[in-house]
1. How many lysine pairs are close in region A:6-155, with Cα atoms under 21 Å apart and the two 8 or more places apart or on different chains?
2. When only Cα pairs under 8 Å and 6 or more residues apart are kept, what is the percent relative contact order across region A:687-764?
3. Output the pairs from A:Lys762/A:Lys841; A:Lys513/A:Lys567; A:Lys594/A:Lys670; A:Lys594/A:Lys669; A:Lys580/A:Lys670 with a Cα-Cα distance over 19 Å in this structure; if there are none, say none.
4. Assuming 0.36 nm per residue, please report the length gained on full extension of the stretch A:Glu262 to A:Tyr122 beyond their Cα-Cα distance.
5. Are there GluC sites (Glu not before Pro) in region A:754-824 that DSSP marks as loop and that have at most 11 other Cβ atoms within 10 Å, and which are they?
6. Given charges of +1 on the Cβ of Lys and Arg and -1 on the Cβ of Asp and Glu, with all other atoms neutral, how large is the dipole of region A:1-127 about its Cα centre, in debye to the nearest 20?
7. Once amide H atoms are built 1.01 Å from N in the peptide plane, which residues 5 or more positions from A:Ala278, or in another chain, come under 5 Å H to H?
8. Taking neighbour Cβ counts within 10 Å as the exposure measure, how do A:Ile126, A:Ile797 sort from fewest upward?
Amino acid sequence: MQLAKAYEPSRIEPAWAERWVEQDLFRADSSSSKPVFSLVIPPPNVTGALHMGHMFESSQVDITMRWQRMRGRNVLWLPGTDHAGIATQMLVERHLAKQGIDRREIGREKFLQHVWAWKEEYGGRIVGQLKRVGASCDWTRERFTMDPGLSRAVRECFVRLYEQGLIYRGEYMVNWDPGTLTAISDLEVEYEEQQGHLWYLRYPVCGSADSEHVVVATTRPETMLGDTAVAVHPADPRFAHLHGEFVTLPLVGRRLPVICDEFVDPQFGTGIVKVTPAHDPNDFAAGQRHGLECVTVLDEEARINDRGGKYRGLDRYEARRRVVEDLTALGLVEKVEDYTNNVGRSQRSGLAVEPRVSTQWFVKTETLADAAIRAVESGRTRIVPGQWERNYFEWMRNIRDWCISRQLWWGHRIPAWYLEDGSFVVARSRQDAEAEAARRGQRITRRETDVLDTWFSSGLWPFSTMGWPDDTEDLRTFYPTSLLNTGFDILFFWVARMMMLGIAMTGEPPFAKVCIHGLVRDADKQKMSKTKGNVIDPILMTDRYGTDAVRFALVASAGQGSDVVLKEERIAGYRTFANKIWNAVRFVGMSLEKAGAEVWTPPDLAAFRPLPDERTGRVPLEDQWIFSRLSKVAAEASEHIEQFRYHEVAGVLYHFFWHEFCDWYIELKKLSFAEGSGLSNAWRNMLAATERSLRLLHPIMPFITEDLWQRLTENTAGRPSSIALSSYPVSISEDGDPKAERLVEILRSLVATARNLRAELKLPASEMLSATVHSEIPEVLQVARQCSGAVAGLARIRLAVGTGAPSGQASRHTADFDLAIELPEAHRAAMRKSLEKQLAKLVKVARSARTKLRNEQFVTKAPPRVVDSVRTSLADYESQVERIRAALSGL
RNA sequence: GGGCACGUAGCUCAGUUGGUUAGAGCGCCUGCUUCACACGCAGGAGGUCCCCAGUUCGAGUCUGGGCGUGCCCACCA
C-alpha cells in the first residue's frame, strides 16, 4: 500500500464522488423488504450555488443516511430543486437586461423559453456541487418542482382545495412589491426599523366659523390624497363634539366624515387618525366597517396616479416631499417629530412594500392549520429540539389566510379560466374547463395569468416527488417520510405548509420527525450573506481542506439545534484529523509490508473477533481493549446519530480515533511488534480494528474512509463494493470487555503518572529510569508485571513491584497506586516544590470532602453510592497527604 | 406588545436524570526533528459556570427576580 506522507483530499475526493454517482450506490429500492428510512431534501433554488447552510444541512443528513444505510435500512434520500418563482424570474430578467432584452417586449411565452433555457444551462450547478461533497442522494429520483408530474400534482391539489372551499378569490389588501410588481405573502415581508417623521396635519372642520380644525398625525403624508375619513375613538371625551361632523381634506377638497372606531388609540399622536382605506391595512378594515370609499392614489409602481391631481406621476417619496411642502405653505403642518417606524420591505426587491387593494387568490388556512396542530400535539410528527414545537403552535394558532397568487410569469399558472360573464371555473385541464363552461352555456375568454407562490408547490414536495396523485410504489413504500432536516428559517414558509397540505392531500402528516438546525454564521456571529461579503464558500473550503474536514467542522461546531460559528482555522483543524487518520492507516499498511505478513482475508468483516496470539493462546490485551472500545464507541455514536446529536458524534469519534486508537492502541502495537511478535493473528487484529474504525467514521468522513478502506480491503474476498454498503459496527455486548478496559486504564494511568513526574521534575525525556509501584489492587500488580515492556517503551521507566513505602524518591499517588521514581540528587529541590503543590491541592479537596461527610443530612439522604465514593475519596486524600508529608520530611 | 433561546477557560462551544476534584477544540507556555503523522509527540497553565434570592443534604443543572445578548411573530396611524 503506497500512500503519500500527507493526506491530499483534492486528489481523491472528486474521483470517489463521481464513482458513487456512476455506480448508483445510493439508489433506493421500492420493492425491498428491508425497513425504510426516507427523507426528501429541502429543494434548493435552481438559481443557487451551494452555500455553507446547504453544506451544514446536507452533512447532518448524510451522516444519518449513510448510517441508516449501513445498519441495513432501505434508504431513500430524494434530491431535487425548486423553481423559486420570484428569485429566478428576477435573475433571468437581469440576465436578459444585460443583452438589452426587456421581458415585457418579448412577452410571456418567449420569456419563459428563456427561463427554461437558463435553467437547463445553470440549474444543475447546485446539484453538481451536492454530488461533489458526497451527498448520498438517490440521483435517479431527482425532481424539479416544475417537472410535469409535480405540476400535475400542483393542479390536482389546487382543484381539490378549491372544491373543498379552501381556496377563494377576492379583493383584499395585500403586500404589494412595487419592484417586482406582484403581491407577496406576509412571510415575504421583512420589517426593519427606519428613522422617519411624524407629521401633524391640520384638516379644517366643515362649516366651522372660527377656522376650527382637527390635527391628525401621520408617517405617510402623501397618502392623504386618498383619505376618505378621519377617525376618533368613540369613548374619547376630547372629541365627542366631532361625532357626526365633517372635515375638509386639504389640497383635494374632499368632504371627509368623522367616524368613531375602536381601532383608534387615543394615546397615539393627537388621538385623531386620517383614514386611507386604499393604502393601509387598518384603514382598509375600518373602511369596510364604515362603508367608506376606497380611493387608490398610487399605481402598481407606487407612483401617484390620476386620482392624485397635480401630484400625478410622482414617486411616493417625491410626492411626500411635495405634499408636505404645499401643506406647509398653507400653514397646515402643525409640527413634525422625529419618529422611528417599522418599514416592511420585500424580501426579494428590497423595496418598501406598499399595502394595496387587489384581487388575489387565497388559501383558507384555519382548518388546515387545525389538523397540522393536532399532528404535532398527538406526536405523529415530532419536532426536535422540542422548543420549536411552541413556535410552530404559536404560528399555526395565529395563522392568517395565505395569499397564493403572484403576478409573475415563472411558476405554476393557476388552473382557472374566465368565462364571458366574468365568472370563472377551476379545473384540472383546459378540456375540463371547457366542458364546465359549456355546461354553463358559456365560453372561455381567457386563462388566469397569475402563478402560484413558490411555496405552494414545495408544500407538496414530500409526495408530489413520489408520484402523487397516482398511487405509486414509491409513495406506498416511502411516504410518510421518516425525517425532515431543515433550518428554522423556513419552519413557517415551508414546514408548516407541507404539514397543512400533506395532511389535506394524503391524510397523513408528511414526516415522523422534523429536525430543526441552526444557521451558519461567520467568526463574528454574523449571518453569512453575499451583500455582507462574509460568506465562506464551501467548495473553496472543500478544495482547500477536503470535504471531510469541512463537514466535520460544521457538525462538530454546533450543539443540537444551535447555530454554527464557523472559522476557517477550525476547518483546518479537522484537516489535521483527516491527516491523522491517513497516517495511522499508512502506518498499518507499512508495518504490514515490512513484516511481510500474508494477505489478510478474514471471512466476515462484520463479525470479526480478535484472534489469540499463536504462542500464548490468549488474545493480546491491547486487542481485547480496542475491540471493546470499538464496540462501545459504535453504540455511543449510533445513539447520538439516532438522537440527532451530530456534534456529539463528531466528538466521540474524534476522541476515540485520535486519543485511543492512535495514541494508545497503535503505540502499544508498535511495542509489541518491536518485541518481535510477527505472528499473523496480531496483524489480523490490528487490521481488523483499523478497518472497523474506518467504518465507524464513514458516515461523518465518507471520502477518506472510502479511499483507505478500499486500499485496506483490496484483497478481501467478498467485500462490498464500497464502505458505504458495508455494515455499521455494532456493539458486541452491553459493556464490552470491562476487565481489559480496566487493565488498559491502569496502564495508561501508570504511564501518564510517570510522564507527568518526569516532566515536572525536568528529568531527561529519553533516559531510562527505575521506578517502583506500590499497590494492593490486583489489577495494578498484574499490569505492572505483564506490561512492563509497554511501560518501559511508553514512559521510559523500568518498573518493579515494590514493598513498603517509597522514600527518598520522586513519588506520586493516585487512586490506584503509588509510583516512585529513582531520583538523582540534583532534582530534590524540584521535587520538594512539586510535592508542596500537590499537598496544597489535596488539603483543599480533603477539607471539602470532610465537610460533606460531617453533614448528617448528606449522609442519610444522598444515594449510598455517592456517600461511599466521597468516603473512599476522603480516605484516599488523607493517606496521600500523609505520604506527601512523609516524603517531604524525608527530603 | 407576544413568544423563543442564550450568558461556562483568552476565543468558539459541550455539559443528557441535580451528586466524587466542571470538559473539548483552537490559542497560550515548556520540552522533544522518537524511523505513521511538526497537519506531529509528551507535559502544563488557565474557570466567582452573568448577578441576587430561593428550593434541596447537595445547584453549572430546578424556581423567582435582575442585568446583558440574539432571534421569531404581530404591529403603532
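Nothing in this text is a laboratory measurement; each read-out follows from the coordinates by a stated rule. Remember, it's a predicted structure, so these values are computed and weren't measured experimentally. We place every Cβ from the backbone using ideal geometry, glycine too, and count neighbours over all the protein chains shown.
1. Numbers: A:Lys98/A:Lys110; A:Lys98/A:Lys119; A:Lys110/A:Lys119; A:Lys119/A:Lys131.
Counting lysine pairs in region A:6-155 gives 4.
2. Numbers: 33 pairs, mean separation 18.9, N = 78.
The normalised contact order for region A:687-764 reaches 24 percent.
3. Values: A:Lys762/A:Lys841 21 Å; A:Lys513/A:Lys567 30 Å; A:Lys594/A:Lys670 12 Å; A:Lys594/A:Lys669 14 Å; A:Lys580/A:Lys670 16 Å.
Where the Cα-Cα span goes over 19 Å, the pairs concerned are A:Lys762/A:Lys841; A:Lys513/A:Lys567.
4. Numbers: separation 140, 0.36 × 140 = 50.40 nm, distance 5.43 nm.
That pair, A:Glu262 and A:Tyr122, stretches by 45.0 nm at full extension.
5. Numbers: sites: A:Glu760, A:Glu767, A:Glu776, A:Glu779, A:Glu822; in loops: A:Glu767, A:Glu776, A:Glu822.
Listed in order of number, the matching sites are A:Glu767, A:Glu776.
6. Values: 17 positive and 15 negative charges, 50 e Å.
Using Cβ point charges on Lys, Arg, Asp and Glu, region A:1-127 gives about 240 debye.
7. For A:Ala278, whose amide H was placed from the backbone, the distant partners under 5 Å are A:Val295.
8. Values: A:Ile126 21, A:Ile797 27.
In increasing order of surrounding Cβ atoms, one gets A:Ile126, A:Ile797.
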